[in-house]
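Notes for the one structure printed next.
Laboratory data are not the source of any read-out in this text; all were calculated from the coordinates shown. Because the structure is a prediction, the values reported are computed rather than measured. Reconstructed Cβ throughout: ideal geometry from the backbone, glycine too, with neighbour counts over all protein chains shown.
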Amino acid sequence: IAAPTATAADYDAALDGHRLETGDGVLRPVQRQALGAFWLYGGVAMQAGCGDGKTLVGALAPLVMDSARPLILVPGKLRSEFWRQCEIYRRLGFAVPDNLEVRSHDEISRRPTWLDEYAPDLIWIDEAHAYRRPEAARTRRLLRYLDANPTQPNGGRIAFGVASGTLASSSVLDFAHLLTHALGDRCPVPRRTGQAVSGELGRWSRVLDVDG
């Protein structure tokens with residue numbers, strides 16, 4: 001999730017001053033790590049499946065990053081479930097903010113100018129494998145927006161996080177472009193911008209991919 005030099009104490013320190021737990025709610029260690037990484041680095045990537053707590057990370061990230069226009073992107077069929085989970089988390093004692101803008105992946109596909117019009121300062125993508133194809137309309141629009149608004153730590157210009165249980169399906173090319181923006185210099189694979197595949201990334205693909 002973050003640089004290997006960061007420790008649990010670093011993540012805890014990063015969350016000091018952010019009132020995320022208002023009652024009996026207690027974040028899991030992986031959730032504290034993800035939220036702490038948001039503050040320390042401006043971006044995070046979670047390999048997390050159903051039940052691993054990624055919804056709460058997305059819901060609380062705007063508090064950590066002091067986001068005025070947070071955008072949560074989820075599959076259309078999960079929008080109502082996201083809101084239901086938020087209400088449960090509030091009852092459990094988590095300070096889920098009221099300013100979450102929750103949209104579906106398909107809306108980004110259908111509305112080419114919406115990202116620029118809303119101008120989110122935080123983007124959290126659940127089921128981020130929906131953006132694995134850089135040539136897809138939704139992915140092109142997302143990457144164009146992120147290219148124009150690079151991620152920054154400590155409440156900088158924009159924060160970007162992705163979560164999925166299947167971030168990589170068969171190729172390093174499925175996620176290199178997402179990790180490039182979410183992790184920046186901490187990206188564990190060669191960085192990818194736009195649809196182009198660099199020579200180094202291409203070599204990684206030939207070695208690591210299922211069909212490589």
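Quick rundown of the values:
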{"read-out": "Semi-axis lengths, Å, the range 27-156, gyration tensor of Cα atoms, sqrt of 5 times eigenvalues", "value": "22, 17, 14"}
{"read-out": "Peptides 6-13, 140-147 ordered by average Cβ neighbours within 10 Å, highest first", "value": "140-147, 6-13"}
{"read-out": "For the range 1-104, fraction of C-alpha pairs farther apart than 16 Å, in %", "value": "56"}
{"read-out": "Relative packing of peptides 70-76, 124-130 - highest average C-beta neighbours within 10 Å first", "value": "124-130, 70-76"}
{"read-out": "Packing rank of 28-41, 97-110, where each peptide gets the mean count of other beta carbons within 10 Å, highest leading", "value": "28-41, 97-110"}
{"read-out": "In order through the range 171-182: 3J(HN,Hα) via Karplus (6.51 cos²θ - 1.76 cosθ + 1.60), integer Hz, x for Gly, Pro", "value": "8, 4, 6, 5, 9, 4, 5, 6, 5, 4, 7, 6"}
{"read-out": "Label-point separation, E87 to A136 (7 Å along Cα→Cβ), nm", "value": "3.0"}
{"read-out": "Spin-label zone in the range 23-38 - amide nitrogen under 20 Å from a point set 7 Å from the Cα of A13 along the C-beta vector", "value": "29-38"}
{"read-out": "Cα centre as origin, Lys/Arg/Asp/Glu Cβ charges: the range 64-133 dipole, Debye", "value": "280"}
